[in-house]
1. Does the stretch 196-221 hold any residues that are away from the ligand (no atom under 15 Å from the Cβ), within 17 Å of GLU115 (Cα to Cα) and crowded, with 19+ Cβ neighbours inside 10 Å, and which are they?
2. Could you list, in sequence order, the residues of the stretch 286-307 that are under 21 Å from ALA395 (Cα atoms) and more than 13 Å from the ligand (Cβ to nearest atom)?
3. Taking the stretch 240-250 as the search range and keeping residues that are touching a residue at least 12 places away in the same chain (Cβ under 8 Å) and not β-branched (Val, Ile, Thr), which one is nearest to ASP271 (Cα to Cα)?
4. Considering only the stretch 244-285, state which residues are within 16 Å of the ligand (Cβ to nearest atom), assigned to a loop (DSSP other than H, G, I, E, B) and either of a type in the set (A, V, I, L, M) or closer than 13 Å to VAL203 by Cβ (or both).
5. Which one of THR308, THR375 is of a type outside the set (Gly, Ala, Ser) and outside the structural domain of THR268 (by TED's automatic domain parsing)?
6. Can ALA106 be described as in contact with a Gly (Cβ under 6 Å, 6 or more places away or on another chain) and more than 16 Å from the ligand (Cβ to nearest atom)?
7. For VAL101, all conditions in the list (1) away from the ligand (no atom under 16 Å from the Cβ); (2) under 23 Å from the mean Cα position of the chain (by Cα) hold save one; what is the number of the exception?
8. Just one of ASP292, ASP302 is part of a helix (DSSP H, G or I), touching a helix residue (DSSP H, G or I) at 6+ places or on another chain (Cβ under 9 Å), farther than 25 Å from VAL374 by Cβ and not assigned by TED's automatic domain parsing to the domain that holds PRO388; which is it?
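The values are calculated or read from the model by the stated rules, or taken from the named source; none is laboratory data. Owing to the predicted nature of the structure, the values given are computational and were not obtained by experimental measurement. Counting neighbours? That spans all protein chains shown, and the Cβs are built from the backbone with ideal geometry, glycine included.
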Amino acid sequence: MLTHYLCEYAWLPSGVARDVLIAIEDGRITRAEQAGWVDDHIRHLPGLTLPGLANAHSHAFHRVLRGRTPGKGSFWTWRDQMYAAAAKLNPESYHRLARAVFAEMALAGVTCVGEFHYLHHAPDGVRYADPNAMGEALLAAAGEAGVRITLLDTLYLQATVDGDPLAGTQLRFGDGTFDNWYERFGDLKAPAHGRIGAALHSVRAVPADAFGEFAEATSGLPVHAHVSEQVAENYACLQAHGCTPTELLDRHGVLGGHFTAVHATHLTPRDIDLLRGSYACFCPTTERDLGDGIGPARALADAGAWLTLGSDSHAVIDLIEETRAVELHERLVRQERGQFEPAELLRAATAEGHLSLGWPDAGTLAAGQRADLVTVALDTVRTAGIDPAGVLMAASAADVRHVVVDGDVVVADGRHTRIDVARELSEAICALF
Ligand SMILES: [Zn+2]
């Protein structure tokens with residue numbers, strides 16, 4: 001079926017343009033260009049239409065913690081609270097929660113999520129009757145919420161870089177051995193709206209002698225890993241291996257064009273150099289919530305790494321805010337304004353994010369691309385009167401009014417077309433307490 005939209009403004013590869021006609025057929029954009037005419041029969045999209053936003057780093061269940069972890073503490077005390085939340089979930093409750101969280105993402109203009117999934121097994125670490133029941137719950141949840149998903153099934157084998165065994169809630173994360181993980185991973189099937197990728201949780205959670213076989217076994221797939229979020233993990237890696245986490249991953253052939261370093265916060269100049277040609281996923285709202293630090297986004301981009309963005313712990317689900325935070329945090333560090341071109345920030349949130357998740361045909365408003373449209377209202381109290389090209393410095397997720405994913409309308413007039421999102425979030429979360 002052929003559908004036409006007339007966008008008041010649209011962010012095309014050449015920049016923001018007015019009166020843009022977008023034609024969609026079978027879930028693909030067939031035309032995206034400035035219109036020389038206006039026809040009343042065409043669906044009008046007032047506001048600024050962006051390409052689909054890719055949330056490249058998510059742990060859906062962390063949404064449970066929003067507003068529930070006040071007070072003092074560190075990343076590590078927060079992690080204890082996160083483990084307590086993880087201990088409560090089963091495939092049914094995880095499906096219900098993730099469906100609501102992914103629907104919240106759709107409301108924020110996210111058309112594709114990278115779910116970094118390590119909550120694999122029953123609380124005692126024993127496999128469910130279906131060993132992939134939790135991963136399949138996430139895949140189904142995304143489909144029902146109307147967003148695409150790359151399930152990054154995560155290898156998690158030990159508690160510390162020194163090889164301490166998993167204990168407590170961590171037992172749910174582990175498969176015991178690389179071979180057990182690989183066997184289970186091999187049984188995962190991607191639905192039409194999904195891709196299967198892999199993750200190596202971190203240099204502390206996987207023994208270095210498994211990195212090589214992991215890299216070989218996952219060749220050609222999107223591969224993600226947490227890298228240098230905390231100074232303590234760098235220090236432990238230096239003590240155990242005499243090098244940084246990035247150097248260790250490089251030694252074993254994990255880095256490259258399919259690899260995403262998530263966080264990449266505490267890097268040496270050599271680390272930055274090594275990440276040339278890989279992706280670096282910044283999650284600034286989470287990184288500031290957890291007091292992680294500010295990663296060298298500008299230096300990474302200058303060195304030839306591709307920036308992507310994620311809402312990670314979902315303290316906030318707002319990819320526009322993540323783009324703005326990359327720019328504003330860099331200003332604080334350098335004490336100077338204007339560190340990124342708006343188009344660079346948009347590419348991080350759209351095309352680069354989709355590429356890092358294995359979707360090269362999404363994230364740009366151009367013929368041949370997947371038909372993802374995210375329309376931001378320009379008549380709200382935040383956006384009224386702005387230059388549309390300045391939207392990333394002004395708007396929030398609350399200004400996203402219309403979202404199309406693969407040609408399907410998922411959000412209309414600011415409401416999810418299938419899910420009462422606030423109600424489902426409330427019910428899914430309150431049922432766990
Ligand atoms: Zn993470």
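1. Filtering the stretch 196-221 down to residues away from the ligand (no atom under 15 Å from the Cβ) leaves 196, 207-221.
Still in the list and also within 17 Å of GLU115 (Cα to Cα): 196, 218, 221.
Residues satisfying the conditions are ILE196, THR218.
2. Selection gives ARG288, LEU307.
3. GLU247
4. ALA264, HIS266
5. Numbers: THR308 fails: outside the structural domain of THR268 (by TED's automatic domain parsing).
None of the others qualify; the one that does is THR375.
6. On the way: in contact with a Gly (Cβ under 6 Å, 6 or more places away or on another chain): yes; more than 16 Å from the ligand (Cβ to nearest atom): yes.
Spelling it out, ALA106 is indeed in contact with a Gly (Cβ under 6 Å, 6 or more places away or on another chain) and more than 16 Å from the ligand (Cβ to nearest atom).
7. (1) is the only condition that VAL101 fails.
8. Details: ASP292 fails: part of a helix (DSSP H, G or I).
Exactly one residue qualifies, and that residue is ASP302.
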